[in-house]
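Below you'll find the structure, written out as structure tokens, and then a few comments.
Each reported figure results from applying straightforward, stated rules to the coordinates on display, with no laboratory input. Remember, predicted model here, so these are calculated numbers, not experimental data.
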Amino acid sequence: KKQFNGWYDWLREQVKNNKILAKGHDIGNDIKSVEDWVKYIQDSTGNNVVLLIDAVHDMATGNSKYDGDERIKFVRVYDWFQRATEQYKFSVATCAHITKMGMSKARPEQSDLSETGKAIYSSKVIGMVYSQLDHFSSLHKRDSANMF
């Protein structure tokens, strides 16, 4: 509880001082809206920006021609990540989903990223998190997990 309270106080202080800004889809989830928001934050605060995006599949290109095809949409979004982070000097941290095949074999590999192989080439760092408890829970065999 003491550690939680310490973390909570730190987080509240960061939000109060505009070091951490939480925004939802109200700013727009297309790449143009996000880019404009990042530039605005950089210009108005002078802070370095680490953009946390819950999941890539929630992003949009802003062009219905591309957004109708998930694979093309992800290629476009990852191209934007690569270009924008280099041009405007900010970082993006996000989650990518695993394919059903990758989920069914337990420990997934990078090649099981469902968004697109473009994620592997556009990203500077990829971290894979595997939860045996979550995996077995999805199979209705929660008691089979031996790692928590």
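Close amide H pairs (under 5 Å, H built 1.01 Å from N) link THR94 with ILE53, residues at least 5 positions away or on another chain.
What pairs in LYS39/LYS73; LYS19/LYS39; LYS1/LYS141 have C-alpha atoms more than 25 Å from each other? Violating the 25 Å Cα-Cα cut-off are LYS1/LYS141.
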